[in-house]
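A short worksheet on the structure shown next.
The values are calculated or read from the model by the stated rules, or taken from the named source; none is laboratory data. From a predicted model like this one, the values you see are computed outputs, not experimental measurements. FYI the Cβ positions are ideal-geometry reconstructions off the backbone, even for glycines, and counts take in every protein chain you see.
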Amino acid sequence: MMSSIVRLRWIGLLGAVLFSIYGVFIHSVPVVLLNGFNALVHFYYLIQISRRKEYFELMTVPNKDTPFLQRFVRFYWEELSYYFPDFDLQKIKKPLIYFIFRDMNPAALFIAEPYDKTTLKILVDYVTPNYRDMKSAHYIFLKSKKLFGTKGYQRFITKAQVKKHEKYLKKMGFRRVQINGEIYFEKGI
């Protein structure tokens, strides 16, 4: 039921180590050997995961009528409309649209528009289910200074209408603020 393989490996490793210790206390060689082997397997795969290099690329989408963007939005519409209920691609006036590719697979969609001269309003920061490990988010926000800061933007604002999204924003360093009587989340670029 766990979506993160890394978290699953860490929990498996912890459980195997604890059961190995338990096996030592009850003098059960089979419990010690089986769980010791299990711990080694989890440890091996955690090392493999940490050493794996992924290739990230940011692709600018020239306009909101791009066929791939339209198809992506249709395919993920159920989740997009859940996390971003106010999202309507056709109503965005001056969108800045980016796909984040991981190993040449479309992993995330990032859409923002100018709120004022120094602020970008994030309308969509969506990651496909297979890539929800925070790496895509770290990539876009790491690149944000170069990508948006050079254009004069100094901060991001966005709304969170779902608790999961709010939790994610807090993990990424956003803080709750009130702007013109509305609750937003804000982060400097």
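Summary of values
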read-out: Among (1) assigned to a helix (DSSP H, G or I); (2) within 27 Å of residue 147 (Cα to Cα); (3) at pLDDT 95 or above, the one test that residue 34 misses; value: (2)
read-out: Enumeration of residues in region 15-59 that are closer than 30 Å to residue 102 by Cα and of a type in the set (Gly, Ala, Ser); value: 39, 50
read-out: Some residue of region 114-125 being surrounded by 20 or more Cβ atoms within 10 Å (Cβ to Cβ), out of contact with any His (no Cβ under 6 Å at 6 or more places or on another chain) and within 26 Å of residue 53 (Cβ to Cβ); value: yes
read-out: Flag for residue 168 being of a type outside the set (A, V, I, L, M), within 21 Å of residue 93 (Cβ to Cβ), assigned by TED's automatic domain parsing to the domain that holds residue 78 and touching a helix residue (DSSP H, G or I) at 6+ places or on another chain (Cβ under 9 Å); value: no
read-out: Single residue of 24, 41, 61, 31 found to be in contact with a Ser or Thr (Cβ under 9 Å, 6 or more places away or on another chain) and surrounded by 12 or more Cβ atoms within 10 Å (Cβ to Cβ); value: 31
read-out: Any hit, region 74-82, residues being within 20 Å of residue 160 (Cα to Cα), outside any helix (DSSP H, G or I) and in contact with a helix residue (DSSP H, G or I) (Cβ under 7 Å, 6 or more places away or on another chain); value: no
read-out: Near pairs, Cβ below 6 angstrom, 6+ apart or cross-chain, from region 161-180 (under 24 Å from residue 116 (Cβ atoms)) to any residue that is assigned to a helix (DSSP H, G or I) and of a type outside the set (Val, Ile, Thr); value: 165/83; 172/137
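Quick grid of which residues meet (1) closer than 30 Å to residue 2 by Cβ; (2) modelled with pLDDT under 90:
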{"site": "125", "(1), (2)": "yes, no"}
{"site": "141", "(1), (2)": "yes, yes"}
{"site": "173", "(1), (2)": "yes, no"}
{"site": "184", "(1), (2)": "no, no"}
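Yes or no, residue by residue, for (1) assigned by TED's automatic domain parsing to the domain that holds residue 174; (2) within 21 Å of the chain's Cα centre (by Cα); (3) not in a loop (DSSP other than H, G, I, E, B):
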site: 85; (1), (2), (3): yes, yes, no
site: 97; (1), (2), (3): yes, yes, yes
site: 100; (1), (2), (3): yes, yes, yes
site: 106; (1), (2), (3): yes, yes, yes
site: 122; (1), (2), (3): yes, yes, yes
site: 130; (1), (2), (3): yes, yes, yes
site: 140; (1), (2), (3): yes, yes, yes
site: 146; (1), (2), (3): yes, yes, yes
site: 153; (1), (2), (3): yes, no, no
